[in-house]
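Student: So that we are looking at the same thing, I have put the structure below in structure tokens.
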Amino acid sequence: MKTITMGLAAPRIVATLVPGAPAPAARRAEQPSRIARWCGVLGLALLLLVPVAAATAQDARSGKPVRIGRLSPLSAATDAPHLQAFRKALGDLGWREGIGFVIEERFADGKPERLEVLAADLVRRQVDLILVGSTPGALAVKKATSTIPVVMVTTGDPVEAGIVASLARPGGNITGVTGLAHVLKAKRLELLKEALPGVSRVAVLANPTSPYTPPFMQVRERTARTLGLAVPVHEVRDRSGIAAGLQAIAAERPGAVMVLTDVMFITERRRIVELLTQHRLPAVYPEREFVDAGGLMFYGASLASLYRHAAVYADRILKGARPADLPVEQPTTLELLVNLTAAKAIGLTLPPSVLARADRLIE
């Protein structure tokens, strides 16, 4: 018996010649098919090893799962769909929860004043990466650490808020995705104009202490002039003022209402939707959770989609990329959700053009 080594670069494959084997010419004819079969086997083996390779990358630091700190301004129940989208996306990238990563969760329960304390706690625990939601949350983390990598998901403008230097070159230790809420406020007014062709007055519910409010105020007058609308702003600073604020809006008898982005408002979304329905006021909302709670319309980026993309950032950073080198990305697709049950409840018939544009009609 003699041995011949076939020159595949890696790994080297050894073929053994045995008595009674085909003649050399026949063997040469068979070699391409043998090589093809070996390559197929090797390719399958490499695919099967991808999760192992990912786990190796995860555990290379200490043999333990990497720890991801999750900071949310919301409650655990409200945040659950976002965190689930992030977890699933990490799993699709080859990470196994409990083996490759664990998540330490911190929730402010709709109280932005708690964010700094919670951010400092995650930093003290020396997590490997922080996943943070909202502009206030990102600002709290920025204050707490300049070294731990941070992936943010915010619907505001992170440049204007001072979180990153620019979208293309964020610098520092923070990057992530933004949902364009600062741009979409004008688009939501346009949507109301299309949905309610005769509307001339749109009241705005805003929290003046929210970082999401100033960008809207900067474009309010220009957008109102362009659309031929009066756009009065009604300010509500805390939960105790929500009912009175909506009562004041109803007393003005506007044609529609636009609710601005704010942690307090999303926390109190069910009460806001209920009160606006009682006053028979059509409204467009800043997050889809309002529509899920019975609100009329949402137009914007899917937060679940943003959190899935945040997992891609986390994957790259945990494998060695620097946040400073990863541009902040913006969504390429937006959702329009229309709740037909809510429209019926307030006696509203929406134009076919709006219904045709909707990505989802809730009945």
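Student: Only residues that are of a type in the set (A, V, I, L, M, F, W, C), touching a residue at least 12 places away in the same chain (Cβ under 8 Å) and assigned to a loop (DSSP other than H, G, I, E, B): list them for the range 303-331, please. Show your work before the answer.
Tutor: In the first step, residues of the range 303-331 are kept if they are of a type in the set (A, V, I, L, M, F, W, C); the result is 303-304, 306, 310-312, 314, 317-318, 321, 324, 326, 328.
Retained after the next criterion (residues that are touching a residue at least 12 places away in the same chain (Cβ under 8 Å)): 303-304, 306, 310-312, 314, 317-318, 324, 326, 328.
Passing the criteria: Leu326, Val328.
Student: Taking Asp128, is it under 23 Å from Ala321 (Cβ atoms) and among the charged types (D, E, K, R)? Step through it out loud before you land on a result.
Tutor: Details: under 23 Å from Ala321 (Cβ atoms): yes; among the charged types (D, E, K, R): yes.
Considered against the rule, which asks whether it is under 23 Å from Ala321 (Cβ atoms) and among the charged types (D, E, K, R), Asp128 comes out as yes.
Student: Which condition does Pro327 not pass, out of (1) touching a Ser or Thr at 6+ places or on another chain (Cβ under 9 Å); (2) more than 23 Å from Ala224 (Cα to Cα); (3) buried (at least 21 other Cβ atoms within 10 Å of the Cβ); (4) not aliphatic (A, V, I, L, M), if it passes all the others?
Tutor: For Pro327, the failing item is (3).
Student: In the set Leu139, Leu180, Leu184, Leu167, which member is at positive phi and of a type in the set (A, V, I, L, M, F, W, C)? First the steps, then the outcome.
Tutor: Working: Leu139 fails: at positive phi; Leu184 fails: at positive phi; Leu167 fails: at positive phi.
Criteria check complete, one pass: Leu180.
Student: Something else: Looking at the range 71-86, which of the residues that are more than 13 Å from the chain's Cα centre (by Cα) and of a type outside the set (A, V, I, L, M, F, W, C) is surrounded by the fewest Cβ atoms within 10 Å (Cβ to Cβ)? So that I can check it myself, show each step before the final result.
Tutor: Kept after step one, since they are more than 13 Å from the chain's Cα centre (by Cα), are these residues of the range 71-86: 71, 73-78.
Still in the list and also of a type outside the set (A, V, I, L, M, F, W, C): 73, 75, 78.
Details: Pro73: 27, Ser75: 15, Thr78: 19.
Ranking the qualifying residues of the range 71-86, first place goes to Ser75.
Student: Can you tell me which residue within the range 82-132, out of those that are among the acidic types (Asp, Glu) and in a strand (DSSP E or B), is nearest to Leu303 (Cα to Cα)? Show your work before the answer.
Tutor: Of all residues in the range 82-132, those among the acidic types (Asp, Glu) come to 92, 97, 104-105, 109, 113, 116, 121, 128.
Filter once more, so that each one left must be in a strand (DSSP E or B): 97, 104-105.
On the way: Glu97: 21, Glu104: 20, Glu105: 18 Å.
Applying the filter and picking the extreme gives Glu105.
Student: Has the range 214-222 got at least one residue that is within 29 Å of Gly133 (Cα to Cα) and aliphatic (A, V, I, L, M)? Walk me through how you get there before you give the answer.
Tutor: Here is the first cut: in the range 214-222, the residues within 29 Å of Gly133 (Cα to Cα) are 214-220.
Those still in the list that are aliphatic (A, V, I, L, M) too: 217, 219.
Yes, the range 214-222 contains at least one residue that is within 29 Å of Gly133 (Cα to Cα) and aliphatic (A, V, I, L, M).
Student: Here's something else I'd like to know. Looking at Val202, Val132, Val159, which is the one that is outside the structural domain of Arg280 (by TED's automatic domain parsing) and farther than 23 Å from Ser75 by Cα?
Tutor: Details: Val202 fails: outside the structural domain of Arg280 (by TED's automatic domain parsing); Val132 fails: farther than 23 Å from Ser75 by Cα.
The conditions single out Val159.
Student: Hey, among Pro254, Pro232, Pro211, Pro197, which residue is in contact with a Pro (Cβ under 8 Å, 6 or more places away or on another chain), crowded, with 19+ Cβ neighbours inside 10 Å and more than 28 Å from Ala138 (Cβ to Cβ)? Reasoning before the result, please.
Tutor: Working: Pro232 fails: crowded, with 19+ Cβ neighbours inside 10 Å; Pro211 fails: more than 28 Å from Ala138 (Cβ to Cβ); Pro197 fails: crowded, with 19+ Cβ neighbours inside 10 Å.
Step by step, each of Pro254, Pro232, Pro211, Pro197 is checked, and only Pro254 is in contact with a Pro (Cβ under 8 Å, 6 or more places away or on another chain), crowded, with 19+ Cβ neighbours inside 10 Å and more than 28 Å from Ala138 (Cβ to Cβ).
Student: Among the residues of the range 267-302, write down those that are surrounded by fewer than 22 Cβ atoms within 10 Å (Cβ to Cβ), of a type outside the set (Lys, Arg) and part of a helix (DSSP H, G or I).
Tutor: Thr267, Glu274, Leu275, Thr277, Gln278, Glu289, Asp292, listed by residue number.
Student: Condition test on Ala165, is it at pLDDT 95 or above and assigned by TED's automatic domain parsing to the domain that holds Arg87?
Tutor: Numbers: at pLDDT 95 or above: yes; assigned by TED's automatic domain parsing to the domain that holds Arg87: yes.
In short, yes.
Student: Among the residues of the range 229-246, which ones are of a type outside the set (A, V, I, L, M, F, W, C) and either over 21 Å from Val291 (Cα atoms) or not assigned by TED's automatic domain parsing to the domain that holds Met217 (or both)?
Tutor: Just the residues of the range 229-246 that are of a type outside the set (A, V, I, L, M, F, W, C), to begin with: 232, 234-235, 237-241, 245.
Scanning the range 229-246 gives Pro232, His234, Glu235, Arg237, Asp238, Ser240, Gly241.
Student: Could you count how many residues in the range 179-208 are aliphatic (A, V, I, L, M) and over 13 Å from Leu229 (Cα atoms)?
Tutor: Our first condition is that a residue be aliphatic (A, V, I, L, M); within the range 179-208, this holds for 180-181, 183-184, 186, 189, 191-192, 195-196, 199, 202-206.
From the residues that got through so far, the ones that are over 13 Å from Leu229 (Cα atoms) too are 180-181, 183-184, 195, 205-206.
Counting residues in the range 179-208 that are aliphatic (A, V, I, L, M) and over 13 Å from Leu229 (Cα atoms) gives 7.
The values are calculated or read from the model by the stated rules, or taken from the named source; none is laboratory data. Quick caveat: nothing in here was measured; it's all calculated off a predicted structure. With ideal geometry, Cβ positions are generated from the backbone for all residues, glycine too; neighbour counts draw on all protein chains shown.
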